[in-house]
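Inspection log for the structure reproduced underneath, given as structure tokens.
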């Protein structure tokens, strides 16, 4: 099996009670994610990368949408089927 970098679209809601990966939104074709941080000084982006890296046990980086609610993340050296299983998509 060859490890690839998986690209995932996410839609972020900020300033929530806790970090949560909610569900897949078929209309937006993206994963809904809630973050605890505010969208100031890159806090929400840092939380997304940190928490998703912890959950997936792979390095996660935001590659597009640093100042938007709609983001594209890259999961490095990942198995796409394993990532989908962990995230429930």
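Of all residues in the stretch 16-31, exactly one satisfies the criterion of being part of a loop (DSSP other than H, G, I, E, B) and either within 15 Å of residue 83 (Cα to Cα) or touching a helix residue (DSSP H, G or I) at 6+ places or on another chain (Cβ under 7 Å) (or both), namely 19. Report, by residue number, each residue of the stretch 38-58 that is modelled with pLDDT of 95 or more and part of a loop (DSSP other than H, G, I, E, B). Hits for the stretch 38-58: nothing passes. A single member of 4, 22 is modelled with pLDDT under 95 and over 14 Å from the mean Cα position of the chain (by Cα), and it is 4. Are any residues in the stretch 1-15 surrounded by 14 or more Cβ atoms within 10 Å (Cβ to Cβ) and assigned to a loop (DSSP other than H, G, I, E, B), and if so, which ones? Across the stretch 1-15, the qualifying residue is only 14. Checking the structure you have, find out if any residue of the stretch 34-47 is touching a helix residue (DSSP H, G or I) at 6+ places or on another chain (Cβ under 6 Å) and under 20 Å from residue 5 (Cα atoms). No, the stretch 34-47 has no match at all.
State whether the residues of the stretch 32-46 include one that is closer than 18 Å to residue 85 by Cβ and either crowded, with 16+ Cβ neighbours inside 10 Å or in contact with a strand residue (DSSP E or B) (Cβ under 7 Å, 6 or more places away or on another chain) (or both).
yes
The values are calculated or read from the model by the stated rules, or taken from the named source; none is laboratory data. No experiment lies behind these values; they were computed from the predicted model shown. Cβ: placed from backbone, ideal geometry, glycine included. Neighbour counts: every protein chain shown.
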